[in-house]
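**Q** My structure is below; once you've seen it, I'll send some questions.
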Amino acid sequence: MRGSLRKLPSGSWEIRLFLGTDDTGKKRYRSKSVKGSKREAERTMRELIAKVEAGDVEADRSEQLLTVDELLVRWRAANVNDWSPTTARDHKRAADAWISPHIGTVRINRLTVERLERFYRTLLTEGGRSGRPLSPQSVKKAHSIVRAALSTAMRWQLITSNPAMARSARQSSRSWVAGSSPNRRGASDWPEPSGDGLVQFDVRSWTARAGR
């Protein structure tokens, strides 16, 4: 069984094991996030390979326990051919600067509406350079990226619900800000300009809350 290591923006290591292909020819992988040195990650990878080869059920579930960082890496890889180079670069910069430092190590199946609310509040109060407030538009972009990545995770059947969409649904319609989807060609994973495609992020409401 083949395995690979990749260092994530949070400083953790992503272990990824190639399990072959399914009946449709689609490649299958198992992933795990590890904190510590590269040597520790390599040791954990060897242990994980042994567990998967032995049919360990918990190891087989590891793909469902992706962290936000790991999901963002996969999400970008799955969509990069549909984005312009500038868009791909902007998404990575936004994820590295605004998302990874705060929720990068959170497992996607444990990401809740309440956790996202705290995340947005932190960005608005100290998410910018040198701990300064991040602009509402930048927070809205971070929200859009998180929401799109989690929607993809739902399509991949890694999670059963998207807390970023649930959070939006709770906001008052009079204070919605219709977000512009990040620029991409054939944006199947980004919201469409109607229905649930509105990036319904209440910038004014959150700015007011953060100032309290």
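**Q** Out of (1) modelled with pLDDT of 85 or more; (2) assigned to a helix (DSSP H, G or I), the odd one out for residue 6 is which?
**A** For residue 6, the failing item is (2).
**Q** Then there's this: Identify, please: which residue in region 20-67 is open to solvent by 40 Å² or more (accessible area, probe 1.4 Å) and among the hydrophobic types (A, V, I, L, M, F, W, C) and is, among those, modelled with the lowest pLDDT?
**A** 57
Table: residues versus (1) over 11 Å from the mean Cα position of the chain (by Cα); (2) open to solvent by less than 20 Å² (accessible area, probe 1.4 Å); (3) closer than 21 Å to residue 8 by Cβ; (4) among the aliphatic types (A, V, I, L, M).
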| residue | (1), (2), (3), (4) |
| --- | --- |
| 69 | no, yes, yes, no |
| 75 | no, yes, yes, no |
| 101 | yes, no, yes, no |
| 110 | yes, no, yes, no |
| 113 | yes, no, no, yes |
| 120 | yes, yes, no, no |
| 123 | yes, yes, yes, yes |
| 133 | yes, no, no, no |
| 138 | yes, no, no, no |
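**Q** Of all residues in region 164-174 being assigned to a helix (DSSP H, G or I) and open to solvent by 10 Å² or more (accessible area, probe 1.4 Å), which is modelled with the highest pLDDT?
**A** Selected residue: 165.
**Q** Residues in region 143-152: is at least one without any contact (Cβ under 8 Å) to a residue 40 or more places away in the chain and either open to solvent by less than 10 Å² (accessible area, probe 1.4 Å) or assigned to a loop (DSSP other than H, G, I, E, B) (or both)?
**A** no
**Q** Inspect region 80-98 for any residue being surrounded by fewer than 14 Cβ atoms within 10 Å (Cβ to Cβ), part of a loop (DSSP other than H, G, I, E, B) and either modelled with pLDDT of 90 or more or at negative phi (or both) and give the result as yes or no.
**A** yes
**Q** Does any residue in region 47-59 that is on the phi < 0 side of the Ramachandran plot come within less than 6 Å, Cβ to Cβ, of a residue that is in a helix (DSSP H, G or I) and at pLDDT 70 or above six or more places away or on a different chain, and which pairs are these?
**A** Within 6 Å, the pairs are 59/48; 59/51; 59/52.
**Q** How do the pairs read when you match residues in region 103-122 that are farther than 11 Å from residue 71 by Cβ and part of a helix (DSSP H, G or I) with residues anywhere that are modelled with pLDDT of 90 or more and of a type in the set (Val, Ile, Thr), using Cβ under 6 Å and keeping only pairs 6 or more apart or on different chains?
**A** As it stands, the answer is 119/103; 120/139, since those pairs meet every condition given.
The values are calculated or read from the model by the stated rules, or taken from the named source; none is laboratory data. Computed from a predicted model, the values in this text were never measured in an experiment. Note: ideal-geometry Cβ built from the backbone for every residue, glycine included; neighbour counts use all protein chains shown. These area figures cover heavy atoms from the full protein model, side chains too; ligands, DNA and RNA do not enter into them. Shrake-Rupley method; radii C 1.70, N 1.55, O 1.52, S 1.80 Å.
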